[in-house]
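Asks: Below are the structure tokens for one structure; questions will follow.
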Amino acid sequence: MVSKTEETQLNRLENQVDNGGGGAWEYLCLVRKLKVRRSEKVLKYGLSILNDPKKRSALGPEEWTLYEQVAIAAMDCQCLDVTKDCIKVLQKKFPESKRVGRLNGMLLEAKGSWAEAEKAYSSLLEDNSLDQVIHKRRVAMAKAQGNISEAIELLNKYLEIFMADHDAWRELAEIYVSLQMYKQAAFCYEELILSQPTVPLYHLAYADVLYTLGGLENLQIAKKYYASTIDLTGGKNTRALFGICLCTSAIAQVSKGRNKEDKESPELQSLAATALEKDYKQRAADKLSLLTSALRSLKI
Amino acid sequence: MAEDLVLDTAIRDWVLIPLSVVMVLIGILRYFVSKLMQSSQLPDPKIVKEGQVIVRARNLRAAANFIPPKSFRSRRVYFSNEENGLLFVPKGQAQNAQAQMFSDPNMAMDMMKKNLSMIIPQTLTFAWVNFFFSGFVAAKIPFPLTQRFRSMLQNGIDLSTVDVSYVSSRSWYFLNLFGLRGLFSLILGEENATDDTQRMMQMSGFGFDPSKSLGAEKDGLDIVQHEWALPKFEHRAEAVLKKLIK
């Protein structure tokens with residue numbers, strides 16, 4: 001994940017380059033380091049460097065990394081001719097390379113010839129069955145073809161070996177949520193929280209899934225995770241504030257009649273409501289009335 | 001016995017400096033040869049998987065207090081249960097890590113190549129030094145030594161009355177052998193194949209023993225007491241919101 005300072009730095013560089021201030025190479029390096037997906041800009045500025053022979057030779061051995069980066073960006077923007085040219089140059093320089101083989105596979109994927117791409121990837125995997133990127137590309141291909149169950153199967157097999165790869169867990173969680181398999185999604189989010197406990201995004205997503213699952217116990221746990229999200233984000237996350245209000249009223253509804261569980265945090269709901277009102281007053285004052293009526297209906 | 005021998009400066013010009021220069025050059029040559037001969041070793045899938053299992057188990061131990069108790073318990077059982085827990089290694093397998101290292105042909109070849117690249121230049125240089133540069137006093141060590149060192153340092157010199165501080169060129173060779181490591185790391189960067197002494201130390205205690213670390217992780221996991229931190233967060237969230245509203 002990209003931290004805030006890195007993001008501001010990236011945006012600053014982008015503005016600088018957009019307004020003709022130079023520094024395109026630093027921008028491209030930063031994009032590559034942070035693995036951000038800004039394909040149009042990468043394509044534009046990368047091509048401008050590559051087409052200028054003076055600038056190209058100034059890069060030295062980094063030139064080939066730039067070719068690879070521009071090829072991938074071109075595929076993302078569907079400029080397949082640019083991709084083909086870049087791959088041709090790379091293939092001439094590195095004839096037996098696995099990285100170039102991977103780029104070829106990605107080009108087949110971009111063109112939509114799934115069977116050939118699958119063949120290319122399997123032959124690459126035969127040489128090195130532990131190549132993480134190729135495994136992930138196969139999952140992406142299955143997902144792009146709409147074959148979600150195969151994507152899940154491939155991803156599970158991948159995670160059996162590489163179980164410390166949190167990006168893969170995140171992808172699996174999102175796929176499960178899209179298929180409404182919430183229990184499995186909850187498991188994946190737990191893995192994510194375990195590996196990175198201070199990222200509020202995972203707490204929030206986990207709380208959402210638990211709230212959707214329903215049931216008194218899950219609602220209570222969800223409330224706690226919304227609270228932890230509020231704590232981790234300093235109260236600025238609107239979704240968590242809404243989550244608290246909804247959870248508390250849902251718990252009240254479910255446990256109507258049974259004796260109320262000892263309120264660990266009785267004021268949390270009212271505090272969250274007040275915080276929401278304040279936030280809306282600042283940012284979207286015209287919707288404040290909608291908010292107050294919705295909150296009033298919750299506090300049954 | 002304590003007279004000062006005056007050594008010819010020609011010794012310095014024709015023995016000490018050429019010997020050092022030759023050793024530096026041989027070191028650089030070895031570095032490049034080892035780079036050429038380096039076979040890309042395919043990572044063993046089992047070892048990769050074990051490495052990842054250990055990372056995951058470590059994460060579980062570190063952040064155990066962030067997930068609900070039920071999930072933690074089910075994960076702990078998954079990792080350490082007797083039959084097919086990931087971290088559980090039956091006693092018999094634990095010992096054969098070393099045997100495995102030797103029987104795996106690729107690893108054995110790699111080790112042999114590394115050893116050879118270390119032993120052959122050393123032997124050759126040593127023989128060359130002995131052949132050409134023996135039979136005379138090469139240098140004087142600046143501090144006094146006991147008689148015990150005579151056999152080690154004065155090998156070619158057959159006079160028993162010469163002060164032990166006067167050494168033969170063989171000792172200069174050994175001095176260079178161990179001392180040029182620092183120079184090499186300056187010239188060649190950190191990763192160079194001339195770290196003979198380091199490798200010799202590594203050979204005695206075998207490096208990556210996966211089963212032991214798995215066992216260690218399992219013990220660590222068994223010890224962990226789960227104390228769910230989330231209820232605390234509710235109070236903290238209250239405090240945060242109160243501050244925010246003010």
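The values are calculated or read from the model by the stated rules, or taken from the named source; none is laboratory data. This structure is a prediction, so every number in the text was calculated from the model and none was measured. For neighbour counting, all protein chains shown are included, and Cβ atoms are generated from backbone atoms with ideal geometry for every residue, glycine included.
Asks: Considering only the stretch A:231-251, state which residues are β-branched (Val, Ile, Thr) and within 23 Å of A:Ser293 (Cα to Cα).
Replies: A:Thr238, A:Ile244, A:Thr248, A:Ile251, listed by residue number.
Asks: Search the stretch A:170-186 for residues being farther than 25 Å from A:Thr238 by Cβ and within 13 Å of chain B (Cβ to nearest Cβ), and hand back the single one that is surrounded by the fewest Cβ atoms within 10 Å (Cβ to Cβ).
Replies: Within the stretch A:170-186, the match that is surrounded by the fewest Cβ atoms within 10 Å (Cβ to Cβ) is A:Lys183.
Asks: What's the number of the only condition in (1) more than 30 Å from A:Gln196 (Cα to Cα); (2) without any contact (Cβ under 8 Å) to a residue 24 or more places away in the chain that A:Gly46 fails to meet?
Replies: Checking A:Gly46 against (1) more than 30 Å from A:Gln196 (Cα to Cα); (2) without any contact (Cβ under 8 Å) to a residue 24 or more places away in the chain, the one that fails is (2).
Asks: State whether the residues of the stretch A:187-195 include one that is within 14 Å of chain B (Cβ to nearest Cβ), closer than 30 Å to A:Ile134 by Cβ and touching a Pro at 6+ places or on another chain (Cβ under 9 Å).
Replies: The first filter runs over the stretch A:187-195 and keeps only residues within 14 Å of chain B (Cβ to nearest Cβ), leaving A:187-195.
The next check asks that each one be closer than 30 Å to A:Ile134 by Cβ; those that pass are A:187-195.
If we keep only those that are touching a Pro at 6+ places or on another chain (Cβ under 9 Å) as well, we get A:190.
Yes, some residue in the stretch A:187-195 is within 14 Å of chain B (Cβ to nearest Cβ), closer than 30 Å to A:Ile134 by Cβ and touching a Pro at 6+ places or on another chain (Cβ under 9 Å).
Asks: If you scan the stretch B:129-153, which residues turn out to be over 19 Å from B:Thr9 (Cβ atoms) and in contact (Cβ under 8 Å) with a residue 12 or more places away in the chain?
Replies: The answer is B:Val129, B:Asn130, B:Ser134, B:Phe143, B:Pro144, B:Leu145, B:Thr146, B:Gln147, B:Phe149, B:Arg150, B:Met152, B:Leu153.
Asks: Follow-up. As an exercise: evaluate A:Gln180 against (1) over 18 Å from the mean Cα position of the chain (by Cα); (2) closer than 22 Å to B:Gln52 by Cα; (3) not in a helix (DSSP H, G or I) and give the number of the one condition it does not meet.
Replies: (2) is the only condition that A:Gln180 fails.
Asks: Now a separate question. Could you check B:Glu191 against (1) loosely packed, with under 12 Cβ neighbours inside 10 Å; (2) modelled with pLDDT of 80 or more; (3) among the charged types (D, E, K, R) and say which number it fails?
Replies: (2)
Asks: Out of the stretch A:196-219, which residues are assigned to a helix (DSSP H, G or I) and either touching a Pro at 6+ places or on another chain (Cβ under 8 Å) or facing another protein chain (nearest Cβ under 10 Å) (or both)?
Replies: Residues satisfying the conditions are A:Tyr202, A:His203, A:Tyr206, A:Leu210, A:Glu217, A:Asn218.
Asks: Could you tell me which residue of the stretch B:100-128 is modelled with the highest pLDDT, considering only residues that are hydroxyl-bearing (Ser, Thr, Tyr) and either within 19 Å of the chain's Cα centre (by Cα) or under 16 Å from B:Val33 (Cβ atoms) (or both)?
Replies: Going through the qualifying residues, I end up with B:Thr123.
Asks: I've got another one for you. Which number in (1) modelled with pLDDT under 85; (2) at the interface with chain B (Cβ under 8 Å from one of its Cβ atoms); (3) assigned to a helix (DSSP H, G or I) marks the one condition that A:Lys224 misses?
Replies: Every listed condition holds for A:Lys224 apart from (1).
Asks: Of the conditions (1) surrounded by 14 or more Cβ atoms within 10 Å (Cβ to Cβ); (2) under 30 Å from B:Glu50 (Cβ atoms); (3) modelled with pLDDT under 65, B:Gly205 clears all except one; give me its number.
Replies: Answer for B:Gly205: the failing condition is (1).
Asks: Say we look at the stretch A:271-300 and pick out the residues that are in contact (Cβ under 8 Å) with a residue 12 or more places away in the chain and of a type in the set (A, V, I, L, M); which of these is surrounded by the fewest Cβ atoms within 10 Å (Cβ to Cβ)? Lay out the reasoning, then the answer.
Replies: Within the stretch A:271-300, the first condition is being in contact (Cβ under 8 Å) with a residue 12 or more places away in the chain, and the residues that meet it are A:272-273, A:275-277, A:279, A:291-292, A:295, A:298-300.
If we keep only those that are of a type in the set (A, V, I, L, M) as well, we get A:272-273, A:275-276, A:291, A:295, A:298, A:300.
Values: A:Ala272: 28, A:Ala273: 23, A:Ala275: 23, A:Leu276: 21, A:Leu291: 17, A:Leu295: 19, A:Leu298: 16, A:Ile300: 8.
Restricting to residues being in contact (Cβ under 8 Å) with a residue 12 or more places away in the chain and of a type in the set (A, V, I, L, M), the top hit is A:Ile300.
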